[in-house]
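First the structure, in the form of structure tokens, and then the observations on it.
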Amino acid sequence: MVRLSAVAQDDYKQILRWSRDNFGQMQAQVYKATLDSALKDLCEGPEIIGVKSRNDIYPNLYTLHVERKGRKGRHFICLQACRVDGRQVIDIVRILHDAMDLRRHLTVGDL
């Protein structure tokens, strides 16, 4: 199961709004499909190809770049994995542009 935090939901909406305002509705739809594809892939768990441990920033933090499987993109999905009632849960804490300093934009409150 994949859950988006309130902050990650806001990131998602803001990314799509910015894409629409700067590149048009069609490109925003294409980028939405890219983000959705990466989020869907995470349903398989944090061990999928492309997920990187970022313990150097926070314990149990991982990132997945949305540019994968032939899709273009410039964002990281920042996530943590845990077990709830015996089920694997992926918590998406932020969706950040890959030019951002992750240490600066991830706070303890996000995690």
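Annotations for the structure displayed:
- Fluctuation leader among Lys69, Lys40, Lys52 - the chain, Gaussian network, Cα springs under 10 angstrom: Lys69
- The GluC sites (Glu not before Pro) of segment 18-111 that DSSP puts in a loop, and whose beta carbon has at most 12 other beta carbons within 10 Å, are Glu47.
- Ordering Cys78, Gln27, Gly45 by Cα displacement along the dipole of segment 2-106 toward the positive end leaves Gln27 in first place; charges were set at the Cβ atoms of Lys, Arg (+1) and Asp, Glu (-1).
- Length gained on full extension, Ile48 to Gln14: 9.6 nm, using 0.36 nm per residue less the C-alpha separation.
- Label-to-label distance for Ala33 and Arg71 is 1.0 nm, based on points extended 7 Å past Cα in the beta-carbon direction.
- Computed over segment 2-106: relative contact order in percent, which uses C-alpha pairs under 8 Å that are six or more apart: 27
- If you sort the three axes of the alpha carbon gyration tensor as a ≥ b ≥ c, you get a/c of 1.5 or more for the chain and a/b above b/c, which makes it prolate.
- Gaussian network model of the chain, springs between alpha carbon atoms under 10 Å - residue of Val93, Val84, Val51 with greatest fluctuation: Val84
- For the chain, the longest principal axis of the alpha carbon atoms and the long axis of helix 6-23 meet at an angle near 20°.
- Candidate aspartates and glutamates for bridging to Lys69, where Cα separation is under 20 Å - those fewer than 8 sequence places away on the same chain excluded: Asp36, Asp41, Glu44, Glu47, Asp98
- Degrees separating the helix 25-41 axis from the principal Cα axis of the chain, which is the longest one: 20
- Residue with peak Gaussian network fluctuation, the chain [Cα springs, cutoff 10 Å], from Ala38, Ala99, Ala81: Ala99
Every number in this text was worked out from the coordinates using simple rules, so none of it is lab data. Please read all numbers here as calculations on a predicted model, not as lab measurements. Every residue, glycine among them, receives a Cβ derived from its backbone with ideal geometry; neighbour counts consider all protein chains shown.
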